[in-house]
Amino acid sequence: MCSDTRVVIASIAAFVTLGGIFATIHGLLFNLPDVSRYGVAAVLVGATCTATMLIPWGSRNES
């Protein structure tokens, strides 16, 4: 996968993480357990995708 594509996907995943943080806090403040659960799930998925996309993959030529 092209590095530019991976950066775009990582950026989108970072915004998903931020939205998950907002949903989690919103759910906790207004006592909405379903919103809190989905917010936590979004934080976990977004952080995992961000970290995965930013790990340098590829072959290294050992000389």
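Coordinate-derived values only; no laboratory data. This structure is a prediction, so every number in the text was calculated from the model and none was measured. Methodologically, a virtual Cβ is constructed for each residue, glycine included, from the backbone with ideal geometry; neighbour enumeration extends over all protein chains shown.
Here are a few things to note about the model shown:
- With contributions of -39500 (n - 2.57) from each DSSP H run of at least four residues, the per-residue ellipticity at 222 nm computed over the chain stands at -27500 deg cm²/dmol.
- The modelled label-to-label distance between His26 and Ala51, using points 7 Å beyond Cα along the C-beta direction, is 2.6 nm.
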